[in-house]
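A short write-up of the structure that comes next.
The values are calculated or read from the model by the stated rules, or taken from the named source; none is laboratory data. These numbers were taken from a predicted model, which means no experiment stands behind them. Cβ sites come from the backbone with ideal geometry, for glycine too, and all protein chains shown count toward neighbours. Just so you know, the surface numbers come from the protein's heavy atoms only, side chains and all, with ligands and any DNA or RNA stripped out. Shrake-Rupley method; radii C 1.70, N 1.55, O 1.52, S 1.80 Å.
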Amino acid sequence: MKNITVVGVGYVGIITGTCFADLGNNVCGLDSSEEKIASLKAGVMPIYQQGLKELADRNVKAGRLSFTTSYEEAINGHQAEFVFICVGTPEGVDGEADLKYVRAAAQSIAEVMDHPLVIINKSTVPVGTGDWVADIVREAQPELIPFSVVSCPEFLREGSAISDFMNPDRTILGSRDPEAAEKVAQLHLPLRAPIVVTNLRTAEMIKYASNAFLATKISFINEIANICEALDADVQEVAAGMGLDGRIGSAMLNAGIGYGGSCFPKDVKALAYMANVKGSHPQLLQAVMDINEFQRKTVVLKTRAILGEDLTGRTVGLLGLAFKAGTDDMREAPSVDIAQMLQAAGATVKGYDPVAMEWAARVIPNIQLADDAYDLVAGCDAVIVCTEWNEFKQLNLERAKELMKQPVIVDGRNIYDPGAMKKAGLIYRGVGRGHDGGASQTTP
Ligand code: UGA
């Protein structure tokens, strides 16, 4: 049992803290937001994540998980041996990561610490930040107390973050201090994953390179999807055929409307920015971003190709709004850009999402929110699938067709079978599913 403090109880922090508590450690979650901490103390989680509340409640009850806004209490009162920095690193004006919260955390830790600490960076930070954090702590300490900085990037996906934490593919640790890295490695031993120890900068780079590679896979398959449409092939089958090659793998090969969320868009941009600043030319990363931006347009282009360029007087429904299924997160959600493009072309935009409606209403001006999927399709001239929620997959197509003004479905996530769509009398366009959405191929 180790005493751990987690600074920042956003997505990464609350998952990290709760999971380490569940592994038997004594964890204190610290955040500067009084509101967040008050909610957590009242048992309200700061994020939507299945299973999190139950896990947090259990560990609070067992006395292994507590929350505070006080650095003094979280570091000294808690006698923390390890302090994880899990604060946000939002995108700066030029695409670089903004480190103001990391700086504030490092300074506050340094100002109060009265005993040696291992400070661990979990936030996604530019290469070189570990050394920078060490400098800040050293300068802000009123008196010299030993500490070490370790980089331990997170590889958690929203929606499955708890199981990703508990069953990682690997743990990456970077430090100038092998002893500190070893201590952090011990903390991760119960997770039974390979542990890779590198220097600080390399660990930070592994995080960016991993996200950039996954984003590249997505843009690659989206480009192949667009070529499939031109050549009348089906990208779903192409991806399945490719994915069986062990060197390629089937993950991240779902063609669609591109990647969104709080990680890939920001991290690819930040890596390209870091490269450009140092005079390197990140041509592939630029292409990955360009394809991703274009991909959001494709569903609007398909809708306009059927309904006409001018969408004045037309109603288009967005089925799903979150950036992916399993989360209410609207950060960089393709639906936001898609709604804006449709509105600019004159359309009235409706939307429905099982969990992201509140957030969506804040970021998509003038969107008309529907009560459920059928209320969404009612009166629509076209429906665009933006999120692959399971509950949309079994939509009663006959009923949907009856409710729609025009039976047009543009499936930005390829959740429907083109043949079944055609059979139900719907005009269907998927992503990369042949010239006409693929219906002619699967139905003789
Ligand atoms: C991503 C990474 O997968 C995590 O490993 C990483 O820790 C995290 O970023 C982070 O840096 O914090 P996440 O953003 O939660 O996790 O979501 P993913 O499930 O990876 O999906 C990202 C986006 O790609 C979504 O918009 C999703 O719809 C899209 N996507 C994913 C596709 O378009 N096709 C695919 O085949 C897979």
Which angle between 0 and 90 degrees, to the nearest 10, do you get for helix 100-112 versus the longest principal axis of the chain when only C-alpha atoms count? 20
To the nearest 500 deg cm²/dmol, what mean residue ellipticity at 222 nm is calculated for the chain from DSSP H runs of n ≥ 4 alone, each contributing -39,500 (n - 2.57), summed and divided by the residues? -13500 deg cm²/dmol
Within region 72-112, list the residues whose amide N lies under 17 Å from a label point set 7 Å along Cα→Cβ of D177. 75-76, 79-85, 106-112
Please sort 16-24, 395-403, 128-136 by packing, taking for each peptide the average over its residues of neighbouring beta carbons within 10 angstrom, highest first. 16-24, 128-136, 395-403
Computed about the Cα centre, the charge dipole of the chain from +1 Lys/Arg and -1 Asp/Glu charges at the Cβ has a magnitude in debye, to the nearest 20, of 640
Note, region 376-386: 3J(HN,Hα) by Karplus (6.51, -1.76, 1.60, θ = phi - 60°), whole Hz, Gly/Pro = x, goes 5, 6, 4, x, 7, 7, 7, 10, 10, 7, 9
Among beta bridges that DSSP assigns inside the chain, antiparallel share in %, nearest 5: 10
Label 7 Å along Cα→Cβ of D94; region 252-281 residues with amide nitrogen under 12 Å? 273-279
Hey, what do the phi angles of region 57-66 turn into as Karplus ³J(HN,Hα) couplings, whole Hz, using 6.51/-1.76/1.60 and θ = phi - 60°, x for Gly and Pro? 4, 4, 6, 5, 4, 6, x, 9, 9, 9
Taking the Cβ of L271 as the center, what net charge do the other residues with Cβ under 14 Å away carry, scoring Lys and Arg +1 and Asp and Glu -1? 0
Distance in nm between pseudo-label sites at R192 and K61 (7 Å out along the Cβ direction from Cα): 2.6
Gain in span if fully extended, A230 to E73, counting 0.36 nm per residue against the direct Cα distance: 50.3 nm
Measuring with a 1.4 Å probe in the full set of protein chains, what accessible area per residue, in whole Å², belongs to the chain? 44
Label F294 and E54 with points 7 Å out from Cα along Cα→Cβ: what is the distance between them in nm? 4.5
Assigned charges on the beta-carbon of Lys, Arg, Asp, Glu; region 199-444 dipole about Cα centre (debye): 440
Using a Gaussian network model of the chain with C-alpha springs under 10 Å, which one of M166, M357, M242 is most mobile by mean-square fluctuation? M242
Return the single residue from V12, V316, V60 with maximal mean-square fluctuation; model: Gaussian network over the chain, springs between Cα atoms under 10 Å. V60
Beyond 24 Å between alpha-carbons counts as too far, so tell me which of K269/K324; K2/K266; K41/K324; K350/K393; K266/K297 fall in that bin. K2/K266; K41/K324
Gap in Å between the Cα centre of region 375-444 and the Cα centre of region 144-174? 40
So Q340 and I248, fully extended at 0.36 nm per residue minus their Cα-Cα distance, gain in nm 29.6 nm
Distance from region 1-21 to region 201-233 (C-alpha centre basis), Å: 31
Excluding ligands, DNA and RNA, the carbon-plus-sulfur percentage of the accessible area of region 3-198 with a 1.4 Å probe reads 49
Top mean-square fluctuation among I145, I257, I221, Gaussian network model of the chain, C-alpha springs under 10 Å? I145
With Cα atoms, 0 to 90° folded angle of helix 200-231 axis to the chain main axis: 0
